[in-house]
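Derivation of every value follows stated rules applied to the coordinates shown; laboratory data play no part. The structure presented is a predicted model; accordingly, all values stated were derived computationally and were not measured. Every residue, glycine as well, gets a Cβ built from its backbone with ideal geometry; the counts of neighbours run over all protein chains shown.
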Amino acid sequence: MVERRKIALIAHDKMKEQMADFARHHQDALQPWQIVATGTTGGQVQDACPKLNITRMKSGPLGGDQQIGAMIAQEEVALLVFFVDPLTPMPHDVDVKALMRLAILYDTPMALNRATAEVLLPAIAR
């Protein structure tokens, strides 16, 4: 098995600002990790935390969710932090479900909101 040294950050629609704030707040804990993020989310996190090692994938609906899903299937991702905007219609709902299914299938810890991310990040950072 590949050593899981990546944390995946994805935020949809109006949750991107909350993801950038989460990363800023936990910058020290995220620093040792390789961060993979979907396009716009990765850009906003990079702006908020320029010292983090962030690899940006494509935008979620353009294949970024699936690129991160492939990393999960290869067991490279230690934690998926996936802030879904529950009040916005999701035209790429099938991509969201596929990514969540892979995280469940490969037993990858997954935070779907900030409260859960606040608990999981320190747990995997040990």
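With the convex hull drawn over the C-alpha atoms of the chain, the volume per residue is 89 Å³. The count of lysine pairs in the chain with alpha-carbon distances below 19 Å, taking only pairs 8 or more places apart or on different chains, stands at 8.
Long hydrophobic helices in the chain: the complete DSSP H runs spanning 15 Å or more by Cα along their own axis with mean Kyte-Doolittle hydropathy of at least 1.0 are 93-105, 114-125.
Per residue, the Cα convex hull of the range 62-115 amounts to 73 Å³. Each label point was placed 7 Å from the Cα along the Cα-to-Cβ direction; for A98 and L62 their separation is 1.7 nm.
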